[in-house]
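Every number in this text was worked out from the coordinates using simple rules, so none of it is lab data. Predicted, not measured: the structure shown is a model, and the values here were computed from it. Don't worry about glycine lacking a Cβ; one is built from the backbone with ideal geometry, like all the others, and counts go over all protein chains shown.
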Amino acid sequence: MYSVTYHRANSIADAAKLLKTGDAKLVSGGMTLIPAMKTRLAAPSDLVDISKIATLKGIKVSGKTVTIGAATTHFEVSTDAKLQKACPALAELAAMIGDPAVRHRGTIGGSIANNDPAADYPAALLALGATIVTNKREIAADKFFKGLFETILKDGEIVTAVSFTAPAKAAYQKFRNPASRYAIVGVFVAKSKANGKDEVRVAVTGAGDNGVFRAKAIEAALTKSFDAAAVSGIKLASDNLMTDIHASADYRAHLIGVLAKRAVAAANA
């Protein structure tokens, strides 16, 4: 058994300072890092616990602007009354994550910083055109997710919150792995007003070779007509989609279309 030094940070500044210690890693819910340490896929010298920093927790809705602290748990996201009114699709997404144990410990900040290619939140933030706030800057979701388990975050940078403008309509649908509940394919659809015009963004998780991505062909069709039938004529290529033990690239391409239709229907309900 290797040794590891545990630190509980009292503030964001404290956490940033502690991150400079050896090969330190942040931990909040620990839903990914702790299993990785158990299997020796990760062996940090220090753990910096940010789960008790009050400024990283909570959900605020001010007009159309929604802000969620990075250490807010999936359970809190799924049950917050203000969020359920402003963006019910995101609350429903959070309720689909893992099992009760995961939802009560895992956090939105940890999920997006880890950027698992089958995670749910990245699709939501990309479709919502969200902004990821760190202790150093603000980053558009379109620039934040860079590939499998890869983001634009730099060493010592800490996700502190995410913010977005509540959409006019939105919904998330996923075809889940029955064991892990990760998305084999997940599709988040959001319709908003941008500069007086309708804007539709569609993001897909669980399917891409390089992680979460926007489905531009579906976006274009839904911008013309935000109706499930608008997706029917779209032929989705499987060239850049994953094939694994759960589903082939062709099957994933088919699922994207099916789930996009279901998401639009749910958003219009």
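Mind listing the phi-derived Karplus ³J(HN,Hα) values for the range 208-216, rounded to whole Hz, using 6.51, -1.76 and 1.60 with θ = phi - 60°, and x for any glycine or proline?
These are the phi-based 3J(HN,Hα) values: x, 4, 10, x, 4, 8, 8, 8, 5 Hz.
DSSP beta bridges in the chain, what fraction antiparallel, as a percent rounded to 5?
Details: 39 of 47 bridges.
Of the beta bridges lying entirely in the chain, close to 85 percent run antiparallel.
From the helices alone, meaning DSSP H stretches of at least four residues, give me the mean residue ellipticity at 222 nm for the chain, per-run term -39500 (n - 2.57), in deg cm²/dmol to the nearest 500.
On the way: 11 runs with 86 residues, N = 269.
Helix contribution divided over all residues of the chain: -8500 deg cm²/dmol.
Exposure proxy check: 159, 200, 189, 27 ranked by fewest other beta carbons within 10 Å? Before the final figure, lay out each step's value.
Numbers: 159 27, 200 24, 189 34, 27 21.
Starting with the residue having the fewest Cβ neighbours, the order is 27, 200, 159, 189.
Modelling each spin label as a point 7 Å along the Cα-to-Cβ direction, I'd like the residue 239/residue 180 distance in nm, to one decimal.
Between residue 239 and residue 180, the simple spin-label model gives 2.7 nm.
For the range 56-165, what is the largest minus smallest coordinate of the Cα atoms on each principal axis, given in angstrom and ordered from greatest to least?
Ordered largest first, the range 56-165 gives principal extents of 34, 32, 23 Å.
Going by how many other Cβ atoms sit within 10 Å of their own, how do 111, 51, 3 line up, fewest first?
Values: 111 24, 51 18, 3 6.
Fewest-to-most ranking of 111, 51, 3: 3, 51, 111.
Which pairs break 19 Å Cα to Cα here: 169/261; 64/261; 60/197; 143/235; 136/216; 146/261?
On the way: 169/261 14 Å; 64/261 26 Å; 60/197 26 Å; 143/235 27 Å; 136/216 31 Å; 146/261 27 Å.
Beyond 19 Å between Cα atoms: 64/261; 60/197; 143/235; 136/216; 146/261.
Going by amide H atoms built from the backbone, whose H comes under 5 Å of the H on residue 169, apart from near neighbours?
Answer set, sorted by chain and number: 191.
Amide H of residue 241: which non-local residues (sequence gap of 5 or more, or other chain) have their own amide H closer than 5 Å, using H built in the peptide plane?
Under 5 Å from the amide H of residue 241 lie the amide H atoms of 209, each far enough along the sequence or on another chain.
Please grab the % of Cα pairs in the chain that end up more than 29 Å from each other. Let's see the in-between values first.
Details: 10803 of 36046 pairs.
Summing the P(r) tail past 29 Å for the chain gives 30 percent.
At most 14 other Cβ atoms within 10 Å plus a DSSP loop assignment makes a site exposed; report the longest stretch of the chain without any exposed trypsin sites (Lys or Arg not before Pro). Don't jump to the answer; show the numbers that get you there.
Working: sites that count: 20, 40, 52, 64, 136, 137, 154, 235.
Here the longest segment lacking exposed loop sites spans 155-234.
Within a Cβ distance under 10 Å of residue 241, other residues only, what is the Lys/Arg minus Asp/Glu net charge?
Working: positive: 252; negative: 209, 239, 250.
Surrounding charge for residue 241 is -2.
So, in nm, how far is label residue 6 from label residue 81 when the simple model puts each one 7 Å beyond its Cα toward the Cβ?
3.6 nm
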